[in-house]
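Notes to accompany the following structure.
The values are calculated or read from the model by the stated rules, or taken from the named source; none is laboratory data. Small disclaimer: the values here were computed from a predicted structure and weren't measured. Heads up, the Cβs are rebuilt from the backbone with ideal geometry, glycines too, and the neighbour counts pull from every protein chain shown. Each accessible area value is taken on the protein alone, full model and side chains, heavy atoms only, with ligands, DNA and RNA left out. Shrake-Rupley method; radii C 1.70, N 1.55, O 1.52, S 1.80 Å.
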Amino acid sequence: MYATEALSFNGGGYTIQIVIGYEDNPVVAQVLFTPPGVKDWVSLARNLLQIEKFDMKKSILIMHFSNKNNPDLPGSFSLSVKKTKAVLSISGKEIKSEFNWDI
């Protein structure tokens, strides 16, 4: 598998970059996360990510990240994307933003 393209969410100071890899179909290869006020991104471990739904053709992504008390990682969050509308649920907040599927 090789990753060549990325999708991204920017909202409320948060940036989430979703690196897309290709086997037979597009898959989420890596997720990079940057919280507000931080310059360096954190690569989220695959075993802590649940990709509930990912459909490039329908422009749908539902992803959950679970943090079990690791202070080096962001708090648990969910990212839900349908077409160009995205909602990041983190720290008791819902942050709405645009999502660009053009890669």
Point-charge dipole on Cβ atoms (K/R +1, D/E -1) for the chain, about Cα centre, debye to 20: 360
Over the alpha-carbon set of the chain, divide Rg by the Kirkwood Rh and report the Rg/Rh ratio to two decimals. 0.93
Over all viewing directions the Cα convex hull of the stretch 18-75 casts an average projected area in nm² of 4.7
Mind giving me the nanometre distance, one decimal, between the label points for residue 69 and residue 6, set 7 Å out from Cα along Cα→Cβ? 3.2
Fraction of accessible area attributable to carbon and sulfur, the chain (%, probe 1.4 Å): 47
accessible surface per residue for the stretch 1-98, probe 1.4 Å, DNA/RNA/ligands not counted, whole Å² -> 61
Spatially proximal lysines relative to residue 85 (Cα-Cα < 27 Å; intrachain offsets below 8 disregarded): 39, 53, 57, 58, 93, 96
